[in-house]
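Chemist: Okay, here's the structure, questions in a sec.
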Amino acid sequence: MNMLEAATTLLSRGQNSDGGWGSVAGKGSNTEATALAFLALRSLGGHDIATQKAGQWLAERQNPDGSWPLSGMMKGSSWSTALALIALSDSADQRDRIVKAGNWVLEQEGSKPGILANLILALSFEKKIVHLNEDLIGWSWTPHSFSWVEPTSYFILALKKIKSHLPAKPVQERVEQGELMIYDRMCEGGGWNYGNAAVYDDRLWPYPDITAIALIALQDRRERKENQSSLRALTDMAQNTGSGLALGWTLLCLSIYGQDGAELKKRLEQQFVKTKFLGETKALALSVLGLGSGARYFRV
Amino acid sequence: MNRRQFLKTTAAAASVYPFLGACEQPIRWEKSAYVKAKSSRVAILAADSYANGLRDTILRGIKLFQMDLTGKRVLLKPNLVEFDPKGVINTHAAVIEAAIDSFRSLGAREVIVAEGPGHRRDNEYLLTASGLYDVIREHRVRYVDLNSDDVHLTKLKSSYTNLKELYLPETLYNADLLVSMPKLKTHHWAGVTLSLKNMFGVVPGSVYGWPKNALHWAGINGSIVDINSSLPIPRFAIVDGIVGMEGNGPLQGQAKQGGVLIFGPDLVAVDATAARLMTIEPRQIKYLTHAAEFLGNLGHEEIEQIGEKLDSHQKDFRVIDKFTYLKKLIG
């Protein structure tokens, strides 16, 4: 059995009876894992019952306001709405759900530090700990908190994929603002971590998974110098990083940017033999997507 | 009044704003959250390296507290926030390995290693890069990613933030003892990061994001206290102070030889002792003073030091400029 078959088998076995997937086999179904596993099995074809059940899980969990909760056991809206949208964006019969979710996405935005916090900082004359433009707004992990690179990238990608269903101007404004935020948070030399390039004068380093996700969100800006330097940073990082999550996202990104990922596929297989990606659903799903033809779901 | 005093005064005024008019400081914790004993024991054991006799030292440290571990499920919570091949960010894998061995030899039914890294989602990378993957595989230990575990909504037992409730990982509810295993480090937001601050790692990133910024927005000092007041199981601490971090911690500081391991069931007292070992005054650390109201002991006079003498192992850990006031030890 080759790695793709082995990872697919592990992934399939992890599907819960309700049709969703948990973070690892045996855990309760959640939106992120289910969306990625759904796309992974769909990319292979021939998993009709599993994908039908997963699609149904996603459809039934949508909140009345259009968002998705984090998991089957939690109420409320979550950042994983973006991944549910990406998963369902190619489904013609889900148009109403997509429009509703898209409108919810447009209403969400990260917050800025309050006036009082800024005043205290200004009065303190203390050296700024972080150096980022707080006026640039993207999307946050939780409501009423700061914008970060990963959720902003997911939401930008989701909006780009469903923009034909939504009014053009608000989509364009939010996407442009979110892109500016992502570029503002880029690490020196290219690439991204969670969203902070330096603390005091000490530089922080980029992560391959986040860099790949950000580059996928910014794929229609590929001529920009920031994209080019970050793509170089990603390929450099990929030489030294071994994990299903990082290599899976990197392979998807390289495919979208028309780069060769043959060497990384070998590394992914070696890593799978060593760790089985700790059995993590998202890593298994991303590796299946990255090894096969999954990049099409992330193209805009 | 200088600027720092002015800011401290205004911050203090803001924190008591809802209670203006009251003569005494308001109580911000439930009665059931009060676990402070009259006095607490903390052990300091010398440990020069991660190689020689580490397992014996850790076993000896745990035994000093005569816990009945027979049949218990013990959850080890190291600090594995990020990885830097040139840095000393994380609890050393050898310390975790020695703790696994020790708790098993003392009769634990199961030892689990669990962490919810605060910056990176990539557990597989952090585990393999830090050497912890080889440890858990060799010792056949279950690892739980607390960032993506199933969750329980937990009502907070104190209100130093406005959070009121937090989702916490299910794995915490199925364990009998939670062992906080931090690294001895300075911290650019909180002053120090030790066994209490290490509990930020039990808050699931899948709910609150990476970094766990919702806690920073709620107030880092208050969040530390509210999390620790509300964890559902007894705790113990083993601090990896063999090599710690000074300066711009918790990620970008410099390595500093500490040469000690610190043990104890009162996490406030353990952290107070660890701070004193860094010649940092614990009574100036905001979250420790809050925690000392009801979670544990902070003062010299309330802590029975066992093992090595504190003053023979004190090292001058450098802090960033804004925390120079922490370096004036009281008593």
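The values are calculated or read from the model by the stated rules, or taken from the named source; none is laboratory data. Bear in mind the structure is a predicted one, so any value in this text is a computation, not a measurement. Here the Cβ positions follow ideal geometry from the backbone for every residue, glycine too, while neighbour counts run over all protein chains shown.
Chemist: Pick from segment B:284-301 the residues that are assigned to a loop (DSSP other than H, G, I, E, B) and either of a type outside the set (A, V, I, L, M, F, W, C) or under 15 Å from the mean Cα position of the chain (by Cα) (or both): which of them is surrounded by the fewest Cβ atoms within 10 Å (Cβ to Cβ)?
Modeler: The selected residue is B:299.
Chemist: Given the condition within 14 Å of another protein chain (Cβ to nearest Cβ), within 21 Å of residue B:188 (Cβ to Cβ), basic (Lys, Arg) and not in a helix (DSSP H, G or I), answer yes or no: does some residue in segment B:302-316 qualify?
Modeler: No: zero hits.
Chemist: In segment A:196-222, how many are in contact (Cβ under 8 Å) with a residue 24 or more places away in the chain, in a loop (DSSP other than H, G, I, E, B) and within 14 Å of chain B (Cβ to nearest Cβ)?
Modeler: 4
Chemist: Could you list, in sequence order, the residues of segment B:256-275 that are closer than 12 Å to residue B:307 by Cα and of a type outside the set (A, V, I, L, M)?
Modeler: B:263, B:264
Chemist: For segment A:142-175, which residues satisfy the criterion of being away from chain B (no Cβ under 14 Å) and more than 20 Å from residue A:256 (Cβ to Cβ)?
Modeler: Selection gives A:165, A:166, A:167, A:168, A:169, A:170, A:171, A:172, A:173, A:174.
Chemist: Residue check: is residue A:239 without any contact (Cβ under 8 Å) to a residue 24 or more places away in the chain, in a helix (DSSP H, G or I) and within 14 Å of another protein chain (Cβ to nearest Cβ)?
Modeler: When the stated conditions are applied, residue A:239 passes them.
Chemist: If we scan segment B:96-118, do we find a residue that is at pLDDT below 95, closer than 24 Å to residue A:149 by Cα and assigned to a loop (DSSP other than H, G, I, E, B)?
Modeler: Yes, segment B:96-118 contains a residue that is at pLDDT below 95, closer than 24 Å to residue A:149 by Cα and assigned to a loop (DSSP other than H, G, I, E, B).
Chemist: Give the residue that is surrounded by the fewest Cβ atoms within 10 Å (Cβ to Cβ), with candidates limited to residues of segment B:188-208 that are under 19 Å from residue B:170 (Cβ atoms), away from every other protein chain (no Cβ under 14 Å) and of a type in the set (A, V, I, L, M).
Modeler: B:199
Chemist: Within segment A:131-176, can you find the residues that are polar (S, T, N, Q) and under 23 Å from residue B:216 (Cβ atoms)?
Modeler: If the condition is that a residue be polar (S, T, N, Q) and under 23 Å from residue B:216 (Cβ atoms), then A:133, A:140, A:142, A:145, A:147, A:152, A:153 are the ones that fit.
Chemist: Being facing another protein chain (nearest Cβ under 9 Å), under 20 Å from the mean Cα position of the chain (by Cα) and among the charged types (D, E, K, R) is the filter here, so list the residues in segment B:110-122 that pass it.
Modeler: Hit for segment B:110-122 is B:120, nothing else.
Chemist: Here's another thing I want to ask about it. How about segment A:14-105: which helices (runs of 4 or more DSSP H) wholly inside it have at least 3 residues that are under 18 Å from the mean Cα position of the chain (by Cα) and away from chain B (no Cβ under 13 Å)?
Modeler: Here the list reads A:31-44, A:81-88.
Chemist: Let me ask something additional. Scanning segment B:123-137 for residues that are of a type in the set (Gly, Ala, Ser) and either surrounded by 24 or more Cβ atoms within 10 Å (Cβ to Cβ) or more than 9 Å from every other protein chain (Cβ to nearest Cβ) (or both), which turns out farthest from residue A:237 (Cα to Cα)?
Modeler: Among residues in segment B:123-137 that are of a type in the set (Gly, Ala, Ser) and either surrounded by 24 or more Cβ atoms within 10 Å (Cβ to Cβ) or more than 9 Å from every other protein chain (Cβ to nearest Cβ) (or both), the one farthest from residue A:237 (Cα to Cα) is B:131.
Chemist: Next up: For segment A:259-299, give me each residue that is small (Gly, Ala, Ser) and in contact (Cβ under 8 Å) with a residue 40 or more places away in the chain.
Modeler: A:279, A:283, A:285, A:287, A:290, A:292, A:293, A:294, A:295
Chemist: Residue by residue through segment B:146-158, note down the ones that are of a type outside the set (Val, Ile, Thr) and in contact with a helix residue (DSSP H, G or I) (Cβ under 7 Å, 6 or more places away or on another chain).
Modeler: The answer is B:146, B:147, B:148, B:149, B:150, B:152, B:156, B:157, B:158.
Chemist: Taking residue B:158 and the conditions (1) within 14 Å of chain A (Cβ to nearest Cβ); (2) touching a residue at least 60 places away in the same chain (Cβ under 8 Å); (3) crowded, with 20+ Cβ neighbours inside 10 Å, which numbered condition does it fall short on, given that it satisfies the others?
Modeler: (1)
Chemist: Take residue B:107 and tell me if it is away from chain A (no Cβ under 12 Å), among the small types (Gly, Ala, Ser) and under 22 Å from residue A:272 (Cα atoms). Step through it out loud before you land on a result.
Modeler: Numbers: away from chain A (no Cβ under 12 Å): yes; among the small types (Gly, Ala, Ser): yes; under 22 Å from residue A:272 (Cα atoms): no.
No; evaluated as a whole, the condition is false for this residue.
Chemist: Please tell me if residue A:128 is modelled with pLDDT of 95 or more and either within 13 Å of chain B (Cβ to nearest Cβ) or more than 13 Å from the chain's Cα centre (by Cα) (or both).
Modeler: For residue A:128, the condition - modelled with pLDDT of 95 or more and either within 13 Å of chain B (Cβ to nearest Cβ) or more than 13 Å from the chain's Cα centre (by Cα) (or both) - is not met.
Chemist: Mind checking which residues of segment A:242-259 are polar (S, T, N, Q), over 16 Å from residue A:157 (Cβ atoms) and away from chain B (no Cβ under 12 Å)?
Modeler: The answer is A:259, and nothing else.
Chemist: If you go through segment A:185-195, how many residues are touching a strand residue (DSSP E or B) at 6+ places or on another chain (Cβ under 7 Å) and at the interface with another protein chain (Cβ under 8 Å from one of its Cβ atoms)?
Modeler: Selection size over segment A:185-195: 1.
Chemist: Still on this model: Regarding residue A:198, is this residue under 13 Å from the mean Cα position of the chain (by Cα) and of a type outside the set (Val, Ile, Thr)?
Modeler: Numbers: under 13 Å from the mean Cα position of the chain (by Cα): no; of a type outside the set (Val, Ile, Thr): yes.
For residue A:198, the condition - under 13 Å from the mean Cα position of the chain (by Cα) and of a type outside the set (Val, Ile, Thr) - is not met.
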